[in-house]
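Below you'll find the structure, written out as structure tokens, and then a few comments.
The values are calculated or read from the model by the stated rules, or taken from the named source; none is laboratory data. Everything numeric in this text was worked out from a predicted model, so none of it was measured. Every residue, glycine among them, receives a Cβ derived from its backbone with ideal geometry; neighbour counts consider all protein chains shown. We work out accessible area using only protein heavy atoms, side chains counted, and drop any ligands, DNA or RNA first. Shrake-Rupley method; radii C 1.70, N 1.55, O 1.52, S 1.80 Å.
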Amino acid sequence: MSKQNYLPSIDPSSIIWDKASYEGNRLEYGSILLSLSKLMDEMETFTFLLSEELKEEMISNFPANLCEGLEGDLWAIVHQLYDFLSKIGSNGFTKNQDEGLESFPNQIKGHFNERTSSEVNYLLNYYHSDDTENKIYFSFENLWNDTNELVTKSKNDKTHSCIIVDRENNFQDFIDSYVPKFEHKEKHDISVYGNKEAWRNKDVDNEFISQLSCLLEDGSKSPQEILDERYDKFFGNLSYYGYDTHNKVYVVFRISGAGTNIYHAHDEYDINSIPQEVKNHFGVFKYY
């Protein structure tokens, strides 16, 4: 699954801290900061299921003044957090209040102000009422229980996927689930029948199968490197686009099977078939 298909949320109490709890458990909150940094490093390009109002609450109520004595990496994470919150995209949703809605573990904390509590209730109600399966909630060991689930209760109970970022390999397994991986298909081997010259002279009545030029170890980046630096958006039949700067050609990465994160690739010699936003991204508008 592509990361575009996930709707992630962050446990608000990981950012809006209980100041009394912090004073008695500074090491635990330092651990939360370190784990937040890991999440931010990997997910800065995600769009979060987060109202603008709740994002504002997180920014204004993170207790930076309590962190002034932190040194080195921990203090740097405080600055990273503000930068992250200011930049991440927010995926809005219809806000409906349910005063009787409960959550386990309880996500509306006693130290939250009224506005924060209302915004968290809106988020939890959306979790409870929306049946989209790709919502995923992120929290941290010191703020959670021994499960990997968020349960919401109203007239019925619903269970939602939760990833505890600093628990075993939960977070790394999630990252691995959406990072595209390249696997070559032999039909795109380097060949005089699949190069640009053959494409120019192809018979319109015959199928043309393009080669993948970056397979040559002649100074070009590897296919995986080009895939890692792709324009990060799906097109058409689950395709990504990258650009091979050495061979000066766009590369199409096609998913190799439904439900996988494995991609094969080939050169695309018809630049008119490249989406305009991809050309805008790489700044290459024609071949020479």
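Inspect the stretch 249-262 for any residue being exposed (fewer than 13 other Cβ atoms within 10 Å of the Cβ), more than 20 Å from the chain's Cα centre (by Cα) and free of Cβ contacts under 8 Å to residues at least 60 places away in the same chain and give the result as yes or no.
Yes, the stretch 249-262 contains a residue that is exposed (fewer than 13 other Cβ atoms within 10 Å of the Cβ), more than 20 Å from the chain's Cα centre (by Cα) and free of Cβ contacts under 8 Å to residues at least 60 places away in the same chain.
For the stretch 49-68, name all the residues that are closer than 26 Å to Ala20 by Cβ, open to solvent by less than 70 Å² (accessible area, probe 1.4 Å) and not hydrophobic (A, V, I, L, M, F, W, C).
Glu53, Lys55, Glu57, Asn61, Pro63
Does Ile274 fit the bill of being among the aliphatic types (A, V, I, L, M), open to solvent by 20 Å² or more (accessible area, probe 1.4 Å) and within 24 Å of Thr45 (Cα to Cα)?
On the way: among the aliphatic types (A, V, I, L, M): yes; open to solvent by 20 Å² or more (accessible area, probe 1.4 Å): no; within 24 Å of Thr45 (Cα to Cα): yes.
When the stated conditions are applied, Ile274 does not pass them.
Out of the stretch 69-111, which residues are of a type in the set (Ser, Thr, Tyr), surrounded by 10 or more Cβ atoms within 10 Å (Cβ to Cβ) and over 27 Å from Asn145 (Cβ atoms)? Talk me through it step by step, then tell me what you get.
Let us first name the residues in the stretch 69-111 that are of a type in the set (Ser, Thr, Tyr), namely 82, 86, 90, 94, 103.
Narrowing further to those that are surrounded by 10 or more Cβ atoms within 10 Å (Cβ to Cβ): 82, 90, 103.
The answer is Tyr82, Ser90.
For the stretch 116-138: of the residues being modelled with pLDDT of 95 or more and part of a strand (DSSP E or B), which is surrounded by the most Cβ atoms within 10 Å (Cβ to Cβ)?
Residue satisfying both the conditions and the ranking: Tyr137.
All but one of (1) farther than 18 Å from Leu36 by Cβ; (2) open to solvent by 50 Å² or more (accessible area, probe 1.4 Å) hold for Glu141, so report the exception by its number.
Condition (1) is where Glu141 drops out.
Which is at pLDDT below 95, surrounded by fewer than 13 Cβ atoms within 10 Å (Cβ to Cβ) and of a type in the set (D, E, K, R), of Asp205, Asp232?
Sole residue among the options that is at pLDDT below 95, surrounded by fewer than 13 Cβ atoms within 10 Å (Cβ to Cβ) and of a type in the set (D, E, K, R): Asp205.
Can you list the helices (runs of 4 or more DSSP H) found entirely within the stretch 1-115 that contain at least 2 residues being among the small types (Gly, Ala, Ser) and within 24 Å of the chain's Cα centre (by Cα)? Reasoning before the result, please.
Working: elements: 19-24, 26-43, 52-61, 72-87.
Result: 26-43, 72-87.
Give me the residue from the stretch 166-176 that is open to solvent by 40 Å² or more (accessible area, probe 1.4 Å) and either basic (Lys, Arg) or part of a helix (DSSP H, G or I) (or both) and, out of that set, farthest from Leu238 (Cα to Cα). Full working, then the answer.
Initial filter on the stretch 166-176 (open to solvent by 40 Å² or more (accessible area, probe 1.4 Å)): 166, 168-169, 172-173, 176.
Now restrict to residues that are either basic (Lys, Arg) or part of a helix (DSSP H, G or I) (or both): 172-173, 176.
Numbers: Gln172: 24, Asp173: 22, Asp176: 18 Å.
Across the stretch 166-176, the extreme among qualifying residues is Gln172.
Out of the stretch 214-234, which residues are touching a Ser or Thr at 6+ places or on another chain (Cβ under 9 Å) and hydroxyl-bearing (Ser, Thr, Tyr)?
The answer is Ser220, and nothing else.
Among the candidates Tyr241, Tyr250, which residue alone is under 21 Å from Lys286 (Cα atoms), in contact with an Asp or Glu (Cβ under 7 Å, 6 or more places away or on another chain) and not in a loop (DSSP other than H, G, I, E, B)? Show your work before the answer.
On the way: Tyr241 fails: in contact with an Asp or Glu (Cβ under 7 Å, 6 or more places away or on another chain).
Answer to the selection: Tyr250.
Tell me whether the stretch 178-185 contains one or more residues that are hydroxyl-bearing (Ser, Thr, Tyr) and either touching a Phe, Trp or Tyr at 6+ places or on another chain (Cβ under 6 Å) or open to solvent by 40 Å² or more (accessible area, probe 1.4 Å) (or both). Steps first, answer last, please.
Going through the stretch 178-185, the residues hydroxyl-bearing (Ser, Thr, Tyr) turn out to be 178.
Pick out the ones that are also either touching a Phe, Trp or Tyr at 6+ places or on another chain (Cβ under 6 Å) or open to solvent by 40 Å² or more (accessible area, probe 1.4 Å) (or both) and you get none.
No - not one qualifying residue is present in the stretch 178-185.
A quick yes/no check of all residues on (1) among the β-branched types (Val, Ile, Thr); (2) open to solvent by 80 Å² or more (accessible area, probe 1.4 Å); (3) under 21 Å from Ser103 (Cα atoms):
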position: Pro12; (1), (2), (3): no, no, yes
position: Ile16; (1), (2), (3): yes, no, yes
position: Ser37; (1), (2), (3): no, no, no
position: Asp41; (1), (2), (3): no, yes, no
position: Phe46; (1), (2), (3): no, no, no
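In the stretch 21-54, which residues are farther than 20 Å from Ile163 by Cα, out of contact with any strand residue (DSSP E or B) (no Cβ under 8 Å at 6 or more places or on another chain) and small (Gly, Ala, Ser)?
Result: Ser21, Gly24.
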